[in-house]
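Okay, structure first, notes after.
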Amino acid sequence: MRMKRRSACLLTTTLLFIGCLSCADDERAARSSPKEPPFIKVEGPPTYHVLEGYDPKWQAYILEGIEMARAYWGSYGPTHVWIGGREDTQPIDAASKEAFITEYCRWRTAGTERTLEECRPYVTERFIDVVESDQPEAYLSWVDEKPQAEAELVFLNVHEWYHEEDRIPDPVLRGIHEYTHVFQMGFGTMPTWMMEGGAVFAESWLIHLQGRRPLAFNLSRIMPRAKSIRDTGLTIADMEDIDSASEDVAKYHMQLAYDSGAWAVAYLIHRSPDRSVARYRDVFHPMVTELGWEEALSRYLDIEDKQVFYAEFERFMDLPRAEQVKILDELKP
Ligand SMILES: [Zn+2]
């Protein structure tokens, strides 16, 4: 469940639209960051599209997370949010299904050479069949066939990730995570560990800013997983690009990109002169656009190159837990 969500976090539809809808390898190959930042700063919130019949409370949680992220990162896109699900095993109502397919395909084909006819089987497989499989999914993908690339945030069956005992409903965190990727993609290519690590860090940071949960809550929980892969000798340096990673590396991409990545981003911010998360947002990201992420990292931390960062981070990972968690208390807004 968790694996599925995470592995599908970032996904491009551009190569998926025609021809490779059923092939997992193509899907994996399609999941990469483009060279130019595809998204731009926009006015206002995303446009929401919801499969009729799905309890509006799930949309409300997702919207809460997206709006929290948008208030912090700024508005990027243009972004469309597609939400669907079913909580019983009844087939989706035919009229609701039709309305969703029509709405999606009108948007997806507008400004492109795609036709509604070729869109229909695509949307059926990618959305309707997934909803009816009762599997949860959440990811960002994008359409760059339009004059201006547009983001689509997809949330299907997110109720499957909801647990009553969770203080913060998981769909809220999914909203934060995926919208953070929209922000990141307004700047430029970053390594997989920085993209996923930044989004996982944001889930904790934004909730912490609201005083709803300590910053260390989730980050402490994922530290053992981040440490668990160290015996393999693999590090975040091996997780710069999930698409070109070998199978032996890719199988640890959750521990490397998400768990270690979140700590690497926290460490990066703590290592910067004023330890400010807002400065990471406002200064570091534009530097990525201007200089590329490797040069941006070097200059931001005043180090020779990324290898210095990687080596320092590994030494940080060797520290006792208490010293690791301490850096979280020292981060500044
Ligand atoms: Zn992600």
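The values are calculated or read from the model by the stated rules, or taken from the named source; none is laboratory data. Here the structure is a predicted model, which means the values were calculated and not measured. Backbone-built Cβ (ideal geometry, glycine too); neighbour counts: all protein chains shown.
Here is a yes/no grid of residues against (1) within 12 Å of the ligand (Cβ to nearest atom); (2) part of a strand (DSSP E or B); (3) within 17 Å of the chain's Cα centre (by Cα); (4) modelled with pLDDT under 95:
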site	(1), (2), (3), (4)
129	no, no, no, no
147	no, no, no, yes
153	yes, yes, yes, no
163	no, no, no, no
167	no, no, no, yes
198	yes, no, yes, no
201	yes, no, yes, no
204	no, no, yes, no
Practice prompt. Collect the residues in segment 276-306 that are exposed (fewer than 15 other Cβ atoms within 10 Å of the Cβ) and either of a type in the set (Phe, Trp, Tyr) or over 22 Å from the mean Cα position of the chain (by Cα) (or both), keeping them in residue-number order.
Written response: 290, 295, 299, 302, 304, 305
Worksheet, complete the sentence: Given (1) away from the ligand (no atom under 11 Å from the Cβ); (2) outside the structural domain of residue 281 (by TED's automatic domain parsing); (3) of a type in the set (Ser, Thr, Tyr), residue 180 misses just (1)
Worksheet item: Taking residue 199, is it closer than 30 Å to residue 284 by Cβ, touching a residue at least 60 places away in the same chain (Cβ under 8 Å) and either touching a Ser or Thr at 6+ places or on another chain (Cβ under 7 Å) or of a type in the set (D, E, K, R) (or both)?
Response: yes
Discussion item. Taking the criterion of being in the same structural domain as residue 39 (by TED's automatic domain parsing), over 17 Å from residue 39 (Cβ atoms), in contact (Cβ under 8 Å) with a residue 12 or more places away in the chain and surrounded by fewer than 22 Cβ atoms within 10 Å (Cβ to Cβ), would at least one residue in segment 80-87 satisfy it?
Written reply: yes
Item to complete: Check 113, 52, 64, 43 and return the single one that is in contact with a helix residue (DSSP H, G or I) (Cβ under 8 Å, 6 or more places away or on another chain) and either among the polar types (S, T, N, Q) or not in a helix (DSSP H, G or I) (or both).
Response: 52
Worksheet item: Regarding residue 101, is this residue farther than 21 Å from residue 137 by Cβ and at pLDDT 95 or above?
Response: no
Item to complete: Taking residue 69 as the residue in question, decide whether it is in contact with a strand residue (DSSP E or B) (Cβ under 6 Å, 6 or more places away or on another chain), within 21 Å of residue 38 (Cβ to Cβ) and buried (at least 22 other Cβ atoms within 10 Å of the Cβ).
Response: no
